[in-house]
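Everything below concerns the one structure shown next.
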Amino acid sequence: DVVLAEHFRIAKLTVFPTLGLMWNPPASMREQDHFLKNVISYDGYLFSDETTRRYHLDLTAPLCTRRILGCWFPSCQETILFDRPRSGLAYLATRWDGDRHGDLIAEINERCDLHFRGPTKSASAFNILNPIALPFDGTSVLSELGVRSANLCLHSDAHRRNGTPCARVFEAAAAGAIIISDENQFVRKTFGDSALYVDVETSSKDAADAV
């Protein structure tokens, strides 16, 4: 019935209506020239933040074709919350952009009971923390967060500037863990005082103290 393109690395490839899940900040489209062509090939877009929505509406305004518009969030399935002890701070990172916040995570590790989950092989400063890998099975992330007191939800600079959410905040909410997020407009507007916030623009030491 419909094709959902999870990333604009892929263009429309079939005759079926293709909708792009626009959960990556527009700045990411500048990485390669064909990304823009891929986006224009879609029949519509599903947005998670207003800034990205306005950008793509301006981008496609000259095109003489109708586009389907809607909302979509990198949300998480409902899960059963068990009455069991919780402890520690979880940090889940796939490290697709290298050692972002490496210094901050190292500082936090000295202060907190940090449970770092991510790829075990990467040329990154994170290697000193010996992360434990979680399988991509749809349940292990929620199981891990279900026994942690809080989840550290950090966005890239582009995500923060754009107000685009990452999946971490939804996973934390679904698992009943406290959300500790950097300043992100979407998170602030959607979760309000239900989440806690830390300024990652300050020094790594001060940010770690705040966490």
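Numbers below:
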| quantity | calculated |
| --- | --- |
| Residue in region 50-66 that is most open to solvent (accessible area, probe 1.4 Å), counting only those that are assigned to a loop (DSSP other than H, G, I, E, B) and free of Cβ contacts under 8 Å to residues at least 12 places away in the same chain | R66 |
| Strands (runs of 3 or more DSSP E) within region 112-211 that include 3 or more residues modelled with pLDDT of 95 or more | 150-153, 178-182, 196-198 |
| Any pair with Cβ under 6 angstrom, 6 or more apart, that starts in region 11-35 at a residue that is open to solvent by 60 Å² or more (accessible area, probe 1.4 Å) and ends at one that is of a type outside the set (V, I, T) | K12/S41; K12/Y42; W23/S48; W23/P74 |
| Residues located in region 57-77, provided they are touching a Pro at 6+ places or on another chain (Cβ under 9 Å) and under 13 Å from S41 (Cβ atoms) | L59 |
| Residue satisfying all of: in region 79-111; in a strand (DSSP E or B) and either at pLDDT below 75 or among the aliphatic types (A, V, I, L, M) (or both); surrounded by the fewest Cβ atoms within 10 Å (Cβ to Cβ) among these | L89 |
| In region 161-211, residue most open to solvent (accessible area, probe 1.4 Å) [restricted to those that are in contact (Cβ under 8 Å) with a residue 40 or more places away in the chain and charged (D, E, K, R)] | R161 |
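The values are calculated or read from the model by the stated rules, or taken from the named source; none is laboratory data. Small disclaimer: the values here were computed from a predicted structure and weren't measured. In this analysis, Cβ positions are derived from the backbone assuming ideal geometry, glycine residues included, and neighbour counts consider all displayed protein chains. Surface accessibility is based on the protein's heavy atoms, side chains included, excluding ligands, DNA and RNA. Shrake-Rupley method; radii C 1.70, N 1.55, O 1.52, S 1.80 Å.
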